Amino acid sequence: MKFLALFSLVLVLGAFQPASPDQTETIYLEGRIGRAPLTAEAPELLVQICGLKPGIAYDLMVVAVTGPQLWQIDHLSPTGFQQGKGGKLKLEADQACDWVKISISEKAFKSPVPLYLSYRGQQDDLQGDQKLLSPIVTDDTAPVDSLIQNSFIGGDCFEVFNIVSQGESTSIGSFFNGATSIGFDEGIILASGDIDIATGPNDQANASSGNLSGAGGDPDLNALANFDIFDVTIVEFDFVPTVDTIQFEYVFASEEYCEWVGSIFNDVFGFFISGPGISGPFSNGAINIAQVPGIGDPVAVNNINHQINTQYYVGNIPPGSSQLFDPDCAGHPTTTGPSVDDCQYDGFTTALTATAAVIPCSTYHIKLAIADVGDGSFDAAVFLKANSFNAGASAVAQAVGTPDSINVIAEGCSEGYFEFTRTTPDTTEALEVTFTVLPASTATPVDDYVPLPTSITIPAGQMSVQLPVEVVDDLIAEGTESILLALDVPCLCSDPVIEMFIEDRPTVEVLLDDMIICSTDTIALAPAPSGGIGEYSYLWSTGDTTAVLLFTPTSGLDTLSVIVTDACGNMASDTALILAEEGPTAELTGDGGICGADSVTLFVHFTGQGPWVFAYALDGAAQALLATDDNPYELVVSTEGLYTLTSVGDLSACPGAVSGEVVVTAGELATDLLVNSISCNGSADGSILVSVTGGTEPYSFEWESGETTDLLEDLGPGTYIVSITDQSGCSAVDTVLLTEPAALTLDFSIDSIL
C-alpha cells in the first residue's frame, strides 16, 4: 500500500494543528506499507498524515531522492513532542490523522528537494485466531495513478507515466488481509465486476455484480478469448526500466470454477507488454506475459484448474456447496478454514510471476486487462501483489561529505561516505548492491583514497548502509579530484553517476579589524573567518570562546587576539588594536555686567581635538549651536542672565562633558555717599563712605585726591569727587561737599565796677 499525496493546505477544524512553517502538506494513507512523494520547498515542512489506524505502530522514514540523508522527522501532538532519530520515527497512532515535522538545516537545504515519506505499519490490530478470521478487505476510492505508483510499483527507481484505466471505478482498487487466502497480504485488484465480491466468506456459488460494462471490447483480450467478452477492466501505463528483466507477482481468481471449466465461459485476462526488442501478436507488437509456467499458454480458467496444471490451482469451495454436484466439478477438492472464510472466489491460482526481458532505459508500455467471457456473470479478478512490479534498482546511492557540502570531502578532515538505501520499505532480507568506480574518476585509489570494494550488503532489518571513503592526506596541492561511482543497476537512467569530490586540505583565514572607540563604549568584536570546513570555534585572548566578544576598554590602547578553528582542526589567528578615546570637555568662565549697549566676553575652554561643536543655554533656553577651532573660544554676550554649556563634541565623536556657569548682570552702578560731618570749625575729622549697588563686584574706587578706598577719613571741608568702577568696567562718579561749622565768636562787654 502507498500514501495518496493530496498536496493541499488543510485546516482541521476542532483538531490540533501546530503553527504553520513555510510549507504544509497532507498525505492520505491507504494501506499498511507505502511511500508518499513530497517536494520540500523550504527547510522545514509540516505533514499531516491521515488514514492511520489507531492502535497500530508505524515506522516512518524520510528518504531524499537527491542530496544528503540529513532530514529529521519529529512527531507533533497536543500533549508533547516526540523526536525522531536519523530521519526515522516510530509513531504510535491514536487517531486517524496526526502531524509530523520534517526538517533539515538551513545550510544543507537546497530547494526544491524531492522526498519520500516511507512507512510500514504493524500487521494490524488483529492477533492470533482473530487475524485468521479477518476476510479480504477492498477499497475502490483511490485514484488509479495512486494505485499503480504507490501500491503496485516496487521502488521508485524508474519512470512511470501515462497511467490510464478503462472500466467501472468499482472494478479497480486496493485490497489487504489476503495472506490467509490468496497468499498476498495486500496489493491492487482488477475485477470483471465490483471488487467487493472478493470479500469472504465464500457463501455464494456464483457471486457476481452483474453486467457492468456490457459486451465490450479489447482487441487483445478478444484475441485470447476467441469469444465475446464482457465487463472489461483495464489499467495501462508507460515505464522506463533500469534493469534488463521486469517482473511482478499475481493471482488469478474466478467464480467460473469449477462448474464451468472447459466451457466457453473461459474468463480471461492478460498482461500485454510492448516496446523495443519485443515482437508479439498483440497490439503494437505486444506479448502476453500472464502465462502458465513452463508451458506458455495464457493463464485462464480453462488452462489452470482442478483438472489441468493443478499444481498452480487452489480450490476454494467449502463442503456441501451446490456446484460440487456438477459433473465438471468431479474430483474438485473441498476447502475449509481461513481461505474459504476470507475469500468469496471459488478458485484461484497459486502466486505466479510475470516476467519480461527489456532493454534498460527504453520506454515500454504494459496493459493489465481482465474480462468475463461469454456473458457478464460469474466474476473474475486478478490480484497484483503490492510493491512487486520491479523494473528498477533495489537501492539508490548518494555521496555524503563535509557539513558544508553534500558530496565534498577534504584531506586531513573527517571522512565522507557513500550511502546505499533500499528503494522499498521491505527489510526482511539482506540486499547486496554492486557498483563500479568509473575510469573517468580523477582521484587515484591508494594515492588519494583507500580503494573501495565492488559491492556492499544492506543487512536485514536496515534501510541503508554507509561505505566510508578514507582520504589520504598527502599534503600535495592537486586541486579538486573526483570519485565517480555508478550502480551496476542504476536508479534513474538520466543521472546514473554518483560524484564524490576530494579537495586539498583547506586553509582557514580570519580578519579582526582594529577599532577606535570611546572610552565609555562597550563594543561587539566579530571576527570574519573564511575557508575551512564546517562550523568554526573561537578562542579569545581574554579566554572567552564566543563568536562575538563584548568588550569594554580598560586603557587608552588595548590589544585583543582570536584563534579560529574549523571542524577539521585547521586554525588561523588575528590581532586587533583597540584605541579608546576620551570625549572632549568644555568649561565656561568669565563674568561681568553689561553697561548700556556694551557686551561681555565669556570664555569656553576645551580639551580634546578640535574643531569643537558646542551648545549653550541662557536661563535654560537653548541657543544656536556653535563650532570653533579656537581654544579658548570667546563668547561675546549682550544679554544679562545665567549662561550654561549644554553639550560639546569633537572629531572623536565621543560624548563630551561640560562645566561652568556665568551670571551676567546689568552694569548700571548706583552710589550713596555716607558723610560724617566735621565736628568743629577748623577740625579735620570728617569722613565719607561710598556705598555701591549694581554692576559686578569687586569695585574699584579712585578719588580726585588719589585715594583708592571706599572710605576717606580725617577730612576737612571741601568738595570730594570719587569714580567707581566694577569688574565689568562699568563706572559712576559721585561728588559730595564737606563743610565745617562756623567759627565761634566771643562778644562781651564790661559792666561797671561796683
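Among Val722, Leu711, Gly695, whose Cα projects farthest towards the positive end of the dipole of region 692-747, with charges put on the beta-carbon of Lys, Arg (+1) and Asp, Glu (-1)?
The Cα lying farthest towards the positive end belongs to Gly695.
Rounded if a/c is under 1.5, else prolate if a/b beats b/c, else oblate: with a ≥ b ≥ c from the C-alpha gyration tensor eigenvalues square-rooted, which is the chain?
Details: a/c = 5.75, a/b = 3.45, b/c = 1.67.
It is prolate, given that a/c is not under 1.5 and a/b is the larger ratio.
If you build the Cα gyration tensor of region 687-754 and take the root of 5 times each eigenvalue, what three semi-axes come out, in whole angstrom, biggest first? Kindly include the intermediate steps, with their values, before the conclusion.
Numbers: eigenvalues 406, 17, 15 Å².
For region 687-754, the ellipsoid semi-axes come out as 45, 9, 9 Å.
Within the chain, what's the longest stretch lacking trypsin sites (Lys or Arg not before Pro) that sit in DSSP loops with no more than 13 other Cβ atoms inside 10 Å?
Values: sites that count: Lys107, Lys110.
With a cap of 13 other Cβ atoms within 10 Å, the longest stretch comes to 111-754.
For each cysteine in the chain, check whether another cysteine's C-beta sits under 4.7 Å from its C-beta; list those where none does.
Singleton cysteines: Cys343, Cys680.
Give me Tyr616, Tyr417, Tyr345 sorted ascending by neighbouring Cβ count inside 10 Å, so fewest comes first.
Values: Tyr616 24, Tyr417 17, Tyr345 30.
Arranged by neighbour count, lowest to highest, Tyr616, Tyr417, Tyr345 become Tyr417, Tyr616, Tyr345.
Hey, what do the phi angles of region 434-445 turn into as Karplus ³J(HN,Hα) couplings, whole Hz, using 6.51/-1.76/1.60 and θ = phi - 60°, x for Gly and Pro?
9, 7, 9, 7, 6, x, 6, 4, 9, 7, 9, x
Please work out the C-alpha center-to-center distance from region 614-658 to region 695-754 and express it in whole Å.
48 Å
Taking Rh as the Kirkwood radius, which is the inverse of the mean 1/r over Cα pairs, what is the Rg/Rh value for region 508-581?
Working: Rg = 12.7 Å, Rh = 12.6 Å.
On the Cα set of region 508-581, Rg over Rh gives 1.01.
Convex hull volume of the Cα atoms in region 585-666, per residue, in Å³?
Details: hull volume 6.2 nm³, N = 82.
So the per-residue Cα hull volume is 76 Å³.
With a ≥ b ≥ c the root eigenvalues of the C-alpha gyration tensor of region 128-385, is it rounded (a/c under 1.5), prolate (a/b larger than b/c) or oblate? It would help to have the intermediate numbers written out before the result.
Values: a/c = 1.68, a/b = 1.40, b/c = 1.20.
Since a/c reaches 1.5 and a/b is larger than b/c, the shape of region 128-385 is classed as prolate.
Once phi is turned into ³J(HN,Hα) by the Karplus curve 6.51 cos²θ - 1.76 cosθ + 1.60 with θ = phi - 60°, what whole-Hz value does each residue of region 535-551 show in order, with x for glycine and proline?
Once θ is set to phi - 60°, the couplings for region 535-551 become 6, 9, 10, 10, 9, 8, 5, 7, x, 5, 10, 8, 5, 10, 9, 8, 9 Hz.
Computed from the coordinates by the stated procedures, all read-outs in this text should not be read as laboratory data. From a predicted model like this one, the values you see are computed outputs, not experimental measurements. All Cβ positions, glycine included, derive from the backbone under ideal geometry; neighbour counts span all protein chains shown.
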